[in-house]
Amino acid sequence: MNSGLYVVATPIGNFGDMSQRAIEVLQGVDLIAAEDTRHSQRLLQHFAIHTPAMSYHDHSDERALQRIGKCLADGGSVALVSDAGTPLISDPGYRLVRYVQDAGFAVYPLPGPCAAIAALSVSGLPTDRFLFEGFLPAREVARSNRLAALAAEPMTLIFYEAPHRIEASLQAMIEAFGGEREAVLAREITKTFETIRRGTLAALAQFVSADSNQQKGEIVIIVAGKPRGEQEISSDVSTWLLRLAQELPAKQAAAVVADCTGLRKNQLYEQLLELKRERGG
């Protein structure tokens, strides 16, 4: 096995999703850096993996990095795993990967389960462009402000949420996006009580409120982006339109901005004409 750091995805619920390569790497490395060694022990025992493990998480100190660095400097190999899914996706590890790369060692990805992508794949919402937000702020004001900033976003939005905040977050989304915005609740993906439900935000909020079981487990919320016809044209885009129109025909300027922003070409063209009228041009 080559020396380096192996970033290993593990199942998010069903051990049957563990790849053969992931098993072989975890058995073959010299050290496993786990978000929580107690949590990972069940997985390691299931696959008869007896590799020494150490704890590595967001609050790990410099000594943890140094231990991993020494292992690599001695020609060894280290695997990074999170509690579930793909490491670094709303999980610790970014600092470690940077540290290893900056020290000149190789980093190898082992792709596999990811709750965000699994939920998106069965959501029935557009998948060509999406924005992963992870967990929203826990405090009410900060959460509302973040959602307000995303209200005009045309891309599909992906959120993780804790069970004890799911009702509050859905209500905050209704306030920011409107109760009729389409969304999906994906809960306990790949597990026994998996739930995948699509509907309006208002309907999902009612569904969760009426069934306490839907307020348990690992939760992904996917929200449709704002429909293109509803998008507002920002002042920055308007300024860009006007500048381009000084060099290009109006329709061509609108087409260029449409390609870059995802806004409708006709909407941009009409905006440009209106701006020119306002300026007497």
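We did not get these values from a lab; they are worked out from the coordinates using the rules stated. Bear in mind that the values here come from a model prediction, so they are computed numbers and not experimental data. Don't worry about glycine lacking a Cβ; one is built from the backbone with ideal geometry, like all the others, and counts go over all protein chains shown.
Assorted remarks:
- Extension gain, residue 243 to residue 121, is 39.9 nm, computed as 0.36 nm per intervening residue step minus the present C-alpha separation.
- Less than 5 angstrom separates the built amide H of residue 85 from those of 10, 12, all sequence-distant by 5 or more or on a different chain.
- Inter-label distance, residue 232 to residue 67: 5.1 nm, where each label sits 7 Å from its Cα along the C-beta direction.
- Rg ratio (alpha-carbon, reference 2.2 N^0.38 Å) - the range 230-278: 0.96
- Extension gain, residue 98 to residue 57: 0.36 nm times the residue separation minus the Cα-Cα distance gives 13.3 nm.
- FRET efficiency, 1/(1 + (r/R0)^6) with R0 45 Å, evaluated for residue 274 and residue 180 via beta carbons: 0.95
- Along its principal axes, the range 4-113 has C-alpha extents of 35, 26, 23 angstrom, given from the largest down.
- Gap separating the Cα centres of the range 158-179 and the range 1-48, nearest whole Å: 33 Å
- Summing +1 for each Lys or Arg and -1 for each Asp or Glu among the other residues whose beta-carbon sits under 14 angstrom from that of residue 6 gives -1.
- Shape summary of the chain, radius of gyration then Dmax from alpha carbon positions: 23.5, 76 Å.
- Peptide packing for 252-260, 136-144, 58-66 was compared via the average number of neighbouring C-beta atoms within 10 Å per residue; ordered from the highest value, the list is 252-260, 136-144, 58-66.
- Out of every Cα-Cα pair that the range 66-116 contains, those further apart than 17 angstrom amount to 36 percent.
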